[in-house]
Amino acid sequence: MTDLESREATAQELVAFAKLRGVELRPTCHDFAFFNGKRFIVLWRKEGKVHYNMQGSIHDLPETYKASACVFRGM
């Protein structure tokens, strides 16, 4: 399976899994990426592990991450 095929399959499986639990992710999923405003996340599996790439600006970090603010530069 190529990385692209893995991204597409993982996205569809996540949409289906969420739906079983009453969460509708389909409106945020476009091809293999999940969008929320100017941010997006892509997930895929490779060698038995789940990988992700999340990009976009984060203006207000949750309180839990405030001490690490310097590493959250956004794109």
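The values are calculated or read from the model by the stated rules, or taken from the named source; none is laboratory data. What you see is a predicted model, and the numbers here were worked out from it, not measured in a lab. No Cβ is skipped: glycine too gets one built from the backbone with ideal geometry, and neighbour counts run over all protein chains shown.
Taking each residue of region 12-28 that is in contact (Cβ under 8 Å) with a residue 12 or more places away in the chain and closer than 18 Å to residue 40 by Cβ and looking for partners that are assigned to a loop (DSSP other than H, G, I, E, B) and of a type outside the set (Gly, Ala, Ser) with beta-carbon atoms closer than 8 Å, six or more apart or interchain, yields 14/25; 15/25.
Considering region 1-48, and only residues there that are outside any strand (DSSP E or B) and of a type in the set (S, T, N, Q), the residue that is modelled with the lowest pLDDT turns out to be 2.
Here residue 7 meets each of (1) exposed (fewer than 10 other Cβ atoms within 10 Å of the Cβ); (2) within 11 Å of the chain's Cα centre (by Cα); (3) charged (D, E, K, R) with one exception, condition (1).
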